[in-house]
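Enquirer: After the structure tokens below, expect a handful of questions from me.
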Amino acid sequence: MAEKVREYMVLDVEQLPETSTVGEAINRLILSRRHGMPVVDDGMRLVGFVSAKELLRNADFKSVELKAIIKKGTYTATPEMSLDDVARIMFRYGLRDLPIIDENGVLVGMLSNLDIVRSHFERATPAKAETLKKLLAERYGVSFALRRGSVSLELLKPTQWKVYEDELEGRRYELERGFAEPILVLQKGESYILVDGHHRALAAKEMGLAQLSAFILTTEGRGDFDNVETGLERVAKEHNLNSLSDIEVDHSSHHPLIEVTTQLIRRLEGEQSL
């Protein structure tokens with residue numbers, strides 16, 4: 001079934017009243033992570049969209065109201081539209097953000113190109129879970145079932161002893177934007193062995209969240225698997241990992257992906273100094 005816009009749109013929308021001045025809009029945008037904001041009337045009906053470029057063009061007229069400078073109307077979508085169709089619209093017109101309205105023209109959400117990217121990450125996660133399911137079945141001779149559910153962070157048993165602070169910051173940003181890419185866990189009795197998603201889980205814990213969406217692998221038909229020690233559990237035992245609190249946060253070095261980037265920057269800086 002095709003994903004709908006409502007599954008990925010952000011509900012907590014930053015918007016500006018049409019009576020806001022250019023100066024007020026500039027100040028709001030400076031404090032925001034967005035590149036523009038939808039503009040609404042006093043009934044929350046969408047009347048347009050103001051971009052950073054538009055505000056820059058009118059920066060000398062800070063006391064002018066937005067309704068005097070914005071173009072009336074803008075591209076929009078509805079919650080029930082296909083996400084793929086909307087992605088094509090955004091690509092075709094080079095849109096970073098797309099307001100989502102209901103049948104009365106009331107602003108109900110926002111979809112960004114980052115949300116489109118997020119949807120592709122989430123579509124890839126089930127394939128990762130299926131691969132693990134197959135590997136475990138071959139190794140232990142047990143049939144596994146895969147289901148989607150929520151898991152308490154307190155019940156997670158980590159299998160990765162170190163995470164990177166810069167990646168944690170990125171995961172916190174994703175969670176703040178509603179990017180809840182499911183973690184991957186193996187359930188054994190009352191314990192949930194965390195296979196993939198350590199940065200996500202620790203970021204969620206630091207943010208005060210109680211649970212996360214997860215793909216959960218459970219055994220089918222052979223109860224004694226609960227008494228089998230898997231390689232994942234041996235890793236956890238070797239590093240004394242019993243809860244998320246036992247994971248070390250590395251503040252001194254970068255996540256490997258970030259390190260590749262910074263090495264390139266250093267190399268280019270070195271070439272420029274020659």
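Only the coordinates and a few stated rules stand behind these numbers; no lab work does. Here the structure is a predicted model, which is why all the values come from computation and not from measurement. Note that each Cβ is placed from the backbone with ideal geometry, even for glycine, and that neighbours are counted across all protein chains shown.
Enquirer: By how many nm would the segment from Arg57 to Asp84 lengthen if fully extended, with 0.36 nm per residue of separation less the alpha-carbon distance?
Expert: Contour length minus the Cα-Cα distance gives 6.4 nm.
Enquirer: Here's a follow-up. Quick one: compute a quarter of the convex hull surface over the Cα atoms of segment 13-157 and quote it in nm².
Expert: For segment 13-157, the mean projected area of the Cα convex hull comes to 12.7 nm².
Enquirer: Taking amide H positions as placed in the peptide plane 1.01 Å from N, state which residues far from Val50 in sequence (5 or more) or on other chains have amide H under 5 Å from it.
Expert: Amide H neighbours of Val50, under 5 Å, 5+ apart: Met37, Val39.
Enquirer: Over every pair of different alpha-carbon atoms in the chain, take the mean of 1/r and invert it; report that Kirkwood radius in Å.
Expert: 21.9 Å
Enquirer: Here's another thing I want to ask about it. Could you work out which residue, out of Leu107, Leu31, Leu56, moves most in a Gaussian network model of the chain, that is, has the largest mean-square fluctuation with Cα springs under 10 Å?
Expert: Of Leu107, Leu31, Leu56, the Gaussian network model singles out Leu31 as fluctuating most.
Enquirer: Between His251 and Ser191, what is the FRET efficiency for a Förster distance of 30 Å, r being their Cβ-Cβ separation, to the nearest 0.05?
Expert: For His251 and Ser191, the calculated efficiency is 0.55.
Enquirer: OK, next. Quick check: net charge around Ile70, other residues with Cβ under 13 Å of its Cβ, Lys/Arg +1 and Asp/Glu -1?
Expert: +1
Enquirer: Still on this model: Please give every one of the aspartates and glutamates within straight-line cross-link reach of Lys237, meaning a C-alpha to C-alpha distance under 18 Å, and leave out same-chain neighbours fewer than 8 residues apart.
Expert: Here the aspartates and glutamates satisfying the reach criterion relative to Lys237 are Glu154, Glu190, Asp196, Asp226, Glu229, Asp246, Glu248.
Enquirer: A follow-up question, please. Let me know the Kirkwood hydrodynamic radius for segment 142-257, please, with Cα pairs as the basis and the value in Å to one decimal.
Expert: Every distinct Cα pair counted, the radius reaches 14.7 Å.
Enquirer: Summing Lys, Arg as +1 and Asp, Glu as -1, what charge do residues with Cβ under 12 Å from the Cβ of Glu165 carry, Glu165 excluded?
Expert: Around Glu165, the surrounding residues sum to -3.
Enquirer: Kindly work out what percent of the DSSP beta bridges joining two residues of the chain are antiparallel, to the nearest 5.
Expert: Once the DSSP bridges in the chain are tallied, antiparallel ones form about 70 percent.
Enquirer: Under 21 Å from the Cα of Lys53, which lysines turn up, not counting those fewer than eight places away in the same chain?
Expert: Once the sequence-local lysines are set aside, what remains near Lys53 is Lys62, Lys67, Lys71, Lys72.
Enquirer: Listed here are the pairs Lys133/Lys157; Lys157/Lys188; Lys128/Lys205; which of them are more than 21 Å apart at the Cα?
Expert: Too far apart for the 21 Å limit: Lys128/Lys205.
Enquirer: Helix-only estimate, please: 222 nm mean residue ellipticity of the chain, summing -39500 (n - 2.57) across DSSP H runs of length 4 or more and dividing by its residues, to the nearest 500.
Expert: Roughly -11500 deg cm²/dmol at 222 nm, from the helical runs in the chain.
Enquirer: A further question follows. Sort the following peptides by mean Cβ neighbour count (other Cβ atoms within 10 Å, averaged over residues), highest first: 190-201, 19-30, 157-168.
Expert: Highest mean packing first, the order is 190-201, 157-168, 19-30.
Enquirer: How big is the gap, in Å, between the Cα center of segment 167-210 and the Cα center of segment 41-80?
Expert: Each part reduced to its Cα centre gives a spacing of 37 Å.
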